[in-house]
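We did not get these values from a lab; they are worked out from the coordinates using the rules stated. This structure is a prediction, so every number in the text was calculated from the model and none was measured. Every residue, glycine as well, gets a Cβ built from its backbone with ideal geometry; the counts of neighbours run over all protein chains shown.
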């Protein structure tokens, strides 16, 4: 066991969810610092992402949620106490399918996370960037693996491409040698991506099926990665090539899309679902190491739309649900 030479206080500031539902009740409170135990790392949290998962939980979208609860399933900070990592190590951490969902997470000054869900993070990343790294990029990495991986030069259609997960998908696809085709909802978002050299489809002016056909010589794409869902889903399905695969990762635009069964069957296409929270801790540990290596090599870096203080969390959620964000929204804990 290693431990930072500092006096860990008895109490810490935390954002506590008291009630979930259409009008969730959350407040800042002083609560006990979690006690370290073997197999876990006690982390001094510096930043944690405000994302769709935490918003869905606080809105009651996951059914019964035990309250009071400290949410925050994705964050970064420094090691205080750990058997695996030296004290003071900069780390990224995720909560898996438990922490920040049914047990206390990272919307607090300290968090206790299983060692396998923690990985050292590049000093190239600012704290705000590190706070939005783990879940987004591990989701991207896992969704690509779920589809069987990508090959050099392969066209991959990605929706919500300026959101936290979407931007991670674009970067990860590029880092693995494939060619992303980004789908966004506004001209402003399209300009940002085009300025970064990404082929982009702007839903305010373009038809997805027609544009994909134009870009692929009428062949369609072999892979679609979709963190959005909703009304666009049938067009994404029709944009697939024969025997193409669509991986559904999220549902920010709706969770009951239409599926064209004739197109699915006649085209021998696949529709898969993916949640990184269903992965084993051993896979997560390996996946975190893989994306951390890509970040260390300068191939992955979260785009940050905005930061808020923990006390101003509602500003972060308002920005999130506006769907105007270009990148991730992060709560700074210090």
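The figures follow:
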read-out: Point-to-point label distance, residue 299-residue 258, nm (Cα→Cβ direction, 7 Å offset); value: 4.0
read-out: Label-point separation in nm, residue 83 to residue 59, each point 7 Å along Cα→Cβ; value: 4.0
read-out: Calculated FRET value between residue 217 and residue 145, using beta carbons and R₀ = 30 Å, to 0.05; value: 0.60
read-out: Length-normalised contact order for the stretch 136-276 - Cα pairs under 8 Å, 6+ apart - percent; value: 22
read-out: GNM top mover of 213, 122, 248 - the chain, alpha-carbon springs below 10 Å; value: 213
read-out: Top of 102, 159, 205 by mean-square fluctuation, Gaussian network on the chain, Cα under 10 Å; value: 205
read-out: Gyration tensor verdict on the stretch 14-94 (Cα atoms; rounded if a/c is under 1.5, prolate if a/b is larger than b/c, oblate otherwise); value: prolate
read-out: Relative packing of 164-176, 28-40, which averages over residues the other C-beta atoms within 10 Å, highest first; value: 164-176, 28-40
read-out: Inter-centroid distance (Cα atoms) of the stretch 212-239 relative to the stretch 58-117, Å; value: 35
read-out: C-alpha center-to-center spacing [the stretch 137-170, the stretch 274-325] in angstrom; value: 14
read-out: Degrees separating the helix 164-175 axis from the principal Cα axis of the chain, which is the longest one; value: 70
read-out: Nearest-ten-degree value, helix 281-296 long axis tilted from longest Cα axis of the chain; value: 80
read-out: Residue 242-residue 187 FRET efficiency (beta carbon distance; Förster radius 30 Å; 0.05 resolution); value: 0.40
read-out: DSSP-defined beta bridges in the chain - what % are antiparallel, rounded to 5; value: 60
read-out: Radius of gyration and Dmax over the Cα atoms of the stretch 136-276, both given in Å; value: 13.4, 38
read-out: Rounded to 10°, Cα long-axis angle of helix 134-146 versus longest principal axis of the chain; value: 40
read-out: Alpha-carbon radius of gyration plus Dmax, which is the widest Cα pair, for the stretch 208-334 in Å; value: 18.2, 55
read-out: For the chain: relative contact order, % (alpha-carbon pairs under 8 angstrom, 6 or more apart); value: 18
read-out: Packing-based exposure ordering (other Cβ within 10 Å, fewest first) of 283, 127; value: 283, 127
read-out: The chain: most fluctuating residue of 51, 277, 124 per GNM, C-alpha cutoff 10 Å; value: 124
